[in-house]
Amino acid sequence: MEYKLPLTETLSINTIPIDKLPLNEALVSMIDSNFEVIKSISTKLDEIEKIILIIFDRLSNSIDGRLIYAGAGTSGRIGVQDGVELYPTFGWPKERVGFLLAGGELALIKSVENAEDNIEAAKKDVKNLSVNKNDILFGLAASGNTPYTKTVIREARKLGALTIGISNNPDGIILKTADIGLCLNTKSELIAGSTRLKAGTSQKICLNIISSFLMIKMKRVKDGQMTHLVATNEKLRDRQKRIQNNKN
């Protein structure tokens, strides 16, 4: 079978390479490119709504179901960023969030060579996290073909977890490997293959939408306020006081 280059790895044929532009024009191009990010998400709102409702139903029928984020590189770090904020922002129990990151915690701050290709590590990570039928797993991969993420999704699905594959490539394998596939088609990057740009931004926004509305439906937001926030510093303690005063 002939290999098909993911769109995220291609150069746009309609623009001058960003390094050939004057700085101001390059900055404008960078901003303009992000409008494509918003478009890629706005065309998927019906699918995102269904995903929110399906996850809410799963979480509502379990006392220990977890939101698990899986990925490699940029996608993995974006998943971690979304998940770790659920406890301080919404008081979502720490034990109900899990992470499967290619290369482990070290990969949060350093590039771990070949981690995204390590299928055996993916299987081991799923087993060690005790993924089960009450869990919801987000598998994130811009290309949709990352071996680590594909394997995690496949193994988690075998164990009964609800798996959601989010890719920026319409041909991404994880879109079919997961129970639910969501394609955010951000197409080519201004720097070919640099998925920390449009692809990563789209994943961040998408996860923000899903997790925020899940927490709203779990009644952890009222009148636009974080009613279950965990006040771990002075700023948050002040915010908590204001929320309590607004209740009274």
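Would you compute the Debye intensity of segment 55-108 from its alpha-carbon atoms alone, equal scatterers and no solvent, and pass along log10 I(q)/I(0) at q = 0.13, 0.20 Å⁻¹ to two decimals?
Values, matching the q order: -0.33, -0.72.
Which FRET efficiency value, to the nearest 0.05, do you get for Asn61 and Asn246 by plugging their Cβ-Cβ distance into 1/(1 + (r/R0)^6) with R0 = 25 Å?
On the way: r = 32 Å, r/R0 = 1.28.
E between Asn61 and Asn246, to the nearest 0.05, is 0.20.
May I ask you to work out the translational diffusion coefficient for segment 1-116 at 20 °C, viscosity 1.002 mPa s, via Stokes-Einstein with Rh from the Kirkwood sum over Cα pairs, reported in whole µm²/s?
Numbers: Rh = 17.9 Å.
Here the translational diffusion coefficient equals 120 µm²/s.
Ranked from highest to lowest mean number of other Cβ atoms within 10 Å per residue, what is the order of the peptides 150-156, 112-118?
150-156, 112-118
Please list the three semi-axes, largest first and in whole Å, of the ellipsoid equivalent to segment 7-217, using sqrt of 5 times the eigenvalues of its alpha carbon gyration tensor.
29, 19, 15
Kyte-Doolittle mean at least 0.0 and Cα extent at least 18 Å along the axis: which DSSP H helices of the chain qualify?
Details: long enough: 23-42 (29 Å, 0.57); 45-60 (22 Å, 0.84); 198-217 (29 Å, 0.62); 234-247 (20 Å, -2.71).
Correct list, ordered by number: 23-42, 45-60, 198-217.
Output the peptides 15-27, 184-196 sorted from most to least packed, where packing is the average of other Cβ atoms within 10 Å over each peptide's residues.
On the way: 15-27: 11.5, 184-196: 19.2.
Descending mean neighbour count gives 184-196, 15-27.
When the label point is put 7 Å from the Cα of Ser130 along its Cα-to-beta-carbon vector, which residues of segment 48-65 have a backbone N closer than 18 Å?
62-65
In square nanometres and to one decimal, what's the mean projected area of the convex hull around the Cα atoms of segment 74-192?
Numbers: hull surface 31.1 nm².
Averaged projected hull area, Cα only: 7.8 nm².
Each value in this text was obtained by applying a stated rule to the coordinates, not by laboratory testing. Computed from a prediction, not measured in an experiment: that's the story for all the values here. All Cβ positions, glycine included, derive from the backbone under ideal geometry; neighbour counts span all protein chains shown.
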